[in-house]
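Asks: I have a structure here, written as structure tokens, and I will follow up with some questions on it.
The values are calculated or read from the model by the stated rules, or taken from the named source; none is laboratory data. Note that the coordinates shown come from a computational prediction; the quantities given were computed from them, not determined experimentally. Here Cβ is always computed from backbone atoms with ideal geometry, including for glycine, and neighbour counts include all displayed protein chains. What goes into the accessible areas is simple: the full protein's heavy atoms, side chains included, and nothing from ligands, DNA or RNA. Shrake-Rupley method; radii C 1.70, N 1.55, O 1.52, S 1.80 Å.
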Amino acid sequence: MSELNLPHGGVLTERLVPPDQAMAWRKQKKLKAVWPLTLRQLCDLEMITSGAFSPLTGFLTRADYDNVVARMRLQDGTFWPIPITLDVSESFAEKLALGDTIGLADADGALLAVLEIEDRWQPDLHHEAFHVYQTRDQGHSGVARLLARSHATYLGGTIHGLELPQHFDFPELRHTPRQLRDLLARLGWSRVIAFQTRNPMHRAHVEMIRRAARAVEGKILLHPVVGETQADDIDHYTRMRCYEHIQRRNVDIDLQLSMLPLAMRMAGPREALLHAIIRKNYGCTHLIVGRDHAGPAGNFYPPYAAQEAIAQHEDELGIKMVPFQELSYVEELDQFLPADELEPSQTVLAVSGSELRRRLKEQLPIPSWLSYPEIVDELRRTHPAREKTGVTIFFTGFSGAGKSTIAKALLARLMAMGGRSVTLLDGDIVRQNLSSELGFSRAHRDLNILRIGFVASEITKHGGIAICAPIAPYTATRRQVRAMVETHGRFIEVFVSTSLELCEARDRKGLYAKARAGVIKEFTGINDPYEVPQNPELMIDTATCTPLEAADRILVVLAQQRCMNRDHIEPSMSDIGSNVTIRVSLSSSL
Ligand code: PPS
């Protein structure tokens with residue numbers, strides 16, 4: 001163990017208390033409140049408790065936070081690039097005083113740690129974004145998360161860990177820093193090169209670790225991030241199977257695989273610095289840093305900004321960087337080379353990440369030089385053909401606009417085509433079952449829509465078709481549902497734009513008359529708001545088309561978006577005018 005790198009700050013600050021103390025904390029009544037941790041916070045807590053975030057002993061206090069944001073240092077001068085904070089709702093924070101102790105629980109309510117509250121403050125999140133991410137642009141996924149999804153109050157203080165979060169996935173590949181250090185020591189490794197990744201690995205990555213191992217005569221720690229990553233990243237189960245294939249394929253490389261429960265911020269250079277500190281805490285002596293290390297989609301940082309940041313702080317960090325340029329495949333040599341080793345006469349082949357994803361989705365061939373067949377097979381298993389991808393068709397509009405009627409017509413069309421499971425979550429049906437205890441206040445409407453969104457996203461995840469037909473009057477809630485569903489498949493928002501006047505004139509349920517008479521309060525359009533969708537995939541006014549015509553227009557959009565096979569819908573894919581008639585081929589399945 002002594003030959004491995006020392007932890008950042010000199011010692012591992014593991015925070016787990018002995019089992020008898022943990023039991024005492026669980027039984028004692030002094031806890032002021034219990035905060036249910038978000039996934040991000042759960043990851044951060046695990047990193048603090050295990051010592052992976054050494055020398056942190058808890059969530060940052062205000063002085064540490066201010067220093068870290070402004071100059072990448074804790075108050076005592078220790079280098080630390082990213083604020084690790086606990087954000088809680090104002091209503092939760094209001095109940096607390098400095099000096100109180102609160103519990104921190106996982107989603108099942110299991111108490112994982114207690115926090116002694118030393119500080120409580122309202123952070124300036126825009127200031128934090130500007131310094132940590134170098135932008136306030138919400139096109140940056142980390143910034144969007146910080147600004148749109150953080151709670152308003154930060155709590156700072158010391159953590160006492162009662163237990164580490166339970167993981168049932170690949171438990172043999174999950175190590176605390178101490179466990180990994182012990183393992184590396186048993187292997188007799190002293191020069192250990194960490195490879196950070198949140199993606200599947202292909203042949204270029206293998207070339208990279210091979211070159212790194214050769215260059216510094218070290219062994220490889222394959223250290224994939226399996227905490228919170230980007231919403232559209234490939235799930236870590238698939239990735240882990242891919243990494244295991246890499247290991248089996250390359251037995252000549254000394255390679256240890258271990259999972260890292262980090263929540264990534266996609267903060268580019270600052271995040272790369274954090275990655276270096278974490279790997280140091282696990283005993284590594286080197287870290288591979290490639291192009292765009294820890295950068296989000298959208299070119300927010302120059303391609304080699306992370307390398308420059310690490311180079312600048314390498315001495316103080318005490319871990320060495322193995323920098324890499326992008327590797328390109330040279331056809332004549334059947335080999336990957338960095339840009340500075342390429343000859344102008346050579347044929348360089350490249351497939352971008354997005355092109356690879358497209359090929360997987362469209363079931364197109366993946367060149368053998370790019371990856372190994374078993375990795376392509378794994379990825380194909382998790383990228384079903386687009387026509388088999390789950391989809392949610394989400395209607396929104398006034399009561400009586402025609403949502404349910406079109407939804408039923410669409411259901412009938414889809415069922416007639418066969419081959420897919422279709423579920424209708426109609427507003428009224430949901431109100432009778434899933435949301436029977438809810439009324440029509442904003443809070444209750446939001447809850448109702450989020451429940452529908454949850455069920456729809458599960459259906460979508462499993463490759464089904466969910467048709468939802470609530471009023472869903474609020475833009476922000478509809479957006480939340482879209483985000484939930486798009487993690488797993490497609491989301492088609494259909495705004496049934498039938499005018500309020502027509503809905504009221506129809507008044508099929510007699511509800512408008514009651515609302516006008518004041519018998520029904522908070523009735524959408526009469527005495528409650530409806531926020532018109534800005535960018536729906538489709539707008540349908542039932543004043544100008546029949547339910548079956550409307551259903552057919554949706555089918556065309558589904559086909560255009562490749563949620564179903566074009567061959568099954570005929571004839572015109574381009575004409576989505578209100579008069580379009582589409583013949584559905586009954587013999588074929590989706
Ligand atoms: S929401 O806002 O999305 O939660 O509403 P939703 O669940 O879709 O409403 C379902 C049906 O409830 C009837 N109803 C009302 N609608 C709006 N406002 C008030 N106050 C209200 N009270 C009862 C109405 O018939 C809705 O069904 P649809 O199918 O839209 O007519």
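Asks: Could you list, in sequence order, all residues of region 477-504 that are open to solvent by 10 Å² or more (accessible area, probe 1.4 Å), at pLDDT 95 or above and either small (G, A, S) or assigned to a loop (DSSP other than H, G, I, E, B) (or both)?
Replies: S497, S499
Asks: Looking only at region 515-536, filter to residues that are open to solvent by 70 Å² or more (accessible area, probe 1.4 Å) and more than 14 Å from the ligand (Cβ to nearest atom); which one of those is nearest to L558 (Cα to Cα)?
Replies: N535
Asks: Continuing with this model, one more query. Would you pick out the residues in region 376-404 that are part of a loop (DSSP other than H, G, I, E, B), near the ligand (Cβ under 9 Å from one of its atoms) and open to solvent by less than 20 Å² (accessible area, probe 1.4 Å)?
Replies: G397, S399, A401, listed by residue number.
Asks: Can you go through V322, V330, V348 and tell me which one is more than 16 Å from the ligand (Cβ to nearest atom), at pLDDT 90 or above, touching a His at 6+ places or on another chain (Cβ under 7 Å) and more than 30 Å from L450 (Cα to Cα)?
Replies: The unique qualifying residue is V322.
Asks: Something else now. Evaluate the following for A297: is it under 30 Å from T475 (Cα atoms) and either aromatic (F, W, Y) or open to solvent by 40 Å² or more (accessible area, probe 1.4 Å) (or both)?
Replies: Taking the combined requirement at face value, the residue satisfies it.
Asks: Moving on. Take T57 and tell me if it is touching a helix residue (DSSP H, G or I) at 6+ places or on another chain (Cβ under 9 Å), touching a residue at least 12 places away in the same chain (Cβ under 8 Å), hydroxyl-bearing (S, T, Y) and closer than 18 Å to L273 by Cα.
Replies: no
Asks: Right, here's the next one. Return the residues of region 253-268 that are more than 21 Å from P165 (Cα to Cα) and either out of contact with any helix residue (DSSP H, G or I) (no Cβ under 9 Å at 6 or more places or on another chain) or buried (at least 23 other Cβ atoms within 10 Å of the Cβ) (or both); say none if nothing qualifies.
Replies: A267, G268
Asks: A further question follows. Does at least one position in region 276-290 carry a residue that is modelled with pLDDT under 95 and within 25 Å of the chain's Cα centre (by Cα)?
Replies: yes
Asks: Any residue at all in region 278-299 that's basic (K, R) and part of a helix (DSSP H, G or I)?
Replies: Within region 278-299, one or more residues are basic (K, R) and part of a helix (DSSP H, G or I).
Asks: Kindly provide the set of residues from region 139-176 that are more than 20 Å from P19 (Cβ to Cβ) and either assigned to a helix (DSSP H, G or I) or of a type in the set (V, I, T) (or both), ordered by number.
Replies: S141, G142, V143, A144, R145, L146, L147, A148, R149, T153, E172, L173
Asks: Consider A22 against the criteria (1) at pLDDT below 95; (2) surrounded by fewer than 15 Cβ atoms within 10 Å (Cβ to Cβ); (3) assigned to a helix (DSSP H, G or I): it satisfies all of them except one. Which criterion is unmet?
Replies: Status for A22: all satisfied but (2).
Asks: Related question: Out of (1) open to solvent by 80 Å² or more (accessible area, probe 1.4 Å); (2) at pLDDT 95 or above; (3) within 16 Å of the ligand (Cβ to nearest atom), the odd one out for M539 is which?
Replies: (3)
Asks: Against the definition (touching a residue at least 40 places away in the same chain (Cβ under 8 Å) and surrounded by 14 or more Cβ atoms within 10 Å (Cβ to Cβ)), how does I471 come out, yes or no?
Replies: Against the criterion (touching a residue at least 40 places away in the same chain (Cβ under 8 Å) and surrounded by 14 or more Cβ atoms within 10 Å (Cβ to Cβ)), I471 qualifies.
Asks: Does region 416-428 hold any residues that are more than 16 Å from the ligand (Cβ to nearest atom), on the phi < 0 side of the Ramachandran plot and at pLDDT below 90, and which are they?
Replies: A416, M417, R420
Asks: Take region 184-195 and flag every residue that is within 27 Å of H293 (Cα to Cα) and not small (G, A, S).
Replies: Selection gives L184, W189, R191, V192, I193, F195.
Asks: Quick check on my filter: what residues within region 336-351 are among the polar types (S, T, N, Q) and open to solvent by 60 Å² or more (accessible area, probe 1.4 Å)?
Replies: S345 - this is the single residue of region 336-351 that is among the polar types (S, T, N, Q) and open to solvent by 60 Å² or more (accessible area, probe 1.4 Å).
Asks: Same structure again: In region 468-502, which residue that is small (G, A, S) and closer than 22 Å to F440 by Cβ is nearest to the ligand (Cβ to nearest atom)?
Replies: A472
Asks: Within region 377-403, can you find the residues that are farther than 30 Å from G427 by Cβ, in contact with a helix residue (DSSP H, G or I) (Cβ under 8 Å, 6 or more places away or on another chain) and at pLDDT 80 or above?
Replies: Answer for region 377-403, where residues must be farther than 30 Å from G427 by Cβ, in contact with a helix residue (DSSP H, G or I) (Cβ under 8 Å, 6 or more places away or on another chain) and at pLDDT 80 or above: E378, L379, R380, R381, T382.
Asks: Looking at A412, is it within 15 Å of the ligand (Cβ to nearest atom) and in a helix (DSSP H, G or I)?
Replies: Against the criterion (within 15 Å of the ligand (Cβ to nearest atom) and in a helix (DSSP H, G or I)), A412 does not qualify.
Asks: Right, something else. Given (1) under 23 Å from P338 (Cα atoms); (2) open to solvent by less than 30 Å² (accessible area, probe 1.4 Å), identify the lone condition not met by G227.
Replies: Every condition holds for G227 apart from (1).
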